[in-house]
Amino acid sequence: MFESEGGLTEDEMQIVAPNGSVKLLLYYKGQLATARIGEHAFWMPKHRLFVEGVSDCPMIAGFDRDKPFGCISIELHPAAAYRLLSVPQHELRNAIVPIGELIGAPAARILEERIYLASNPAQKAALIQEYLTGLLARTERDATFEHGATTIMNSRGLVSMAALSRETGLSERWLRAKFAERLGISPKTFASIVRFQSCYQAMLRDKRGYLQEGHFNDRYYDQAHFIKEFKRFMGHSPARYTALQNEVGEIIYK
């Protein structure tokens, strides 16, 4: 959960980096004017529950800079989101959809009304979590996929696809198809996002020092590779990003 009383400066970029997770979003105060992912813009009225599919590019939020807003964002574990959303995950990639499109309009209205009537944001979040827990109890695991996704996360994105194939005993072609269905992106893209995130979160603790001391060298072949991946997931080079104000996007990872 995060809130603002307004007063965001014109310099605030509101860039949210991809991290390989599906998110449930609810704006209970104010409303998000737009959220842009790639070339597509999405409108999210308050008191409605939305699902943001896994992304392989940055999301640009569009909060009203002058007005208060409050948002609940619940991230689903990359290895488990498929059990909670009964659609092939690639259909949600780089998209934000009303939850009613996934669970049906009547069920969505009942859930959203319960959330609306909750007296405070903590209770609203608890109701969403209760709903998700109920779904999880009624589904079965895909142990092979979960093992593959967990292997990538545990390696901080450094495992090769050939090594992942050997680890799981499955072909790279099968892994690509399974990850598209269960996660929405390929295992190679997921590994790239996990590796980027391990650098990005470390960089947030000391932006200039991280770059000057080359701490990214243990995760990328060279500086050019790091810069290319950073621009892919943030829309700016690392050096340019250090000069930008992105409090809204960074607060998620602090």
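List of remarks:
- ILE251-ALA162 pseudo-label distance in nm [points 7 Å out on the Cα-to-Cβ vector]: 4.6 nm
- Restricting the GluC sites (Glu not before Pro) of the range 1-69 to loop positions (DSSP other than H, G, I, E, B) with no more than 12 neighbouring Cβ atoms within 10 Å leaves GLU5, GLU10, GLU39.
- Ignoring lysines fewer than eight residues from LYS207 along the same chain, the ones with Cα atoms less than 20 angstrom from its Cα are LYS228, LYS231, LYS254.
- Mean-position separation - Cα centroids, the range 46-78 and the range 97-176, in angstrom: 17 Å
- Percent of alpha-carbon pairs separated by more than 21 Å within the chain: 61 percent
- Extension gain, GLU140 to LYS207, is 19.9 nm, computed as 0.36 nm per intervening residue step minus the present C-alpha separation.
- Extension gain from SER73 to TYR116, taking 0.36 nm per residue of separation minus the Cα-Cα distance: 13.9 nm
- Loop sites in the range 174-233: chymotrypsin sites (Phe, Trp or Tyr not before Pro), DSSP, at most 10 other Cβ within 10 Å: TYR221
- Extended-chain gain in nm, criterion 0.36 nm per residue less alpha-carbon gap, GLN223 and SER171: 15.6 nm
- Pairwise centroid distance, computed over Cα atoms, of the range 5-24 with the range 208-254, Å: 16 Å
- Pairwise label distance in nanometres, LYS29 with GLU130, each label 7 Å out on the Cα-Cβ vector: 2.3 nm
- Cα centre as origin, Lys/Arg/Asp/Glu Cβ charges: the chain dipole, Debye: 420 debye
- Charging the Cβ of each Asp and Glu at -1 and of each Lys and Arg at +1, and nothing else, the dipole of the range 35-165 about its Cα centre rounds to 260 debye.
Readers should treat all values here as calculations from the given coordinates under stated rules, not as data from a laboratory. Source: prediction; values computed, not measured. Ideal geometry is used to build each Cβ from the backbone, glycine not excepted, and the neighbour counts take in all protein chains shown.
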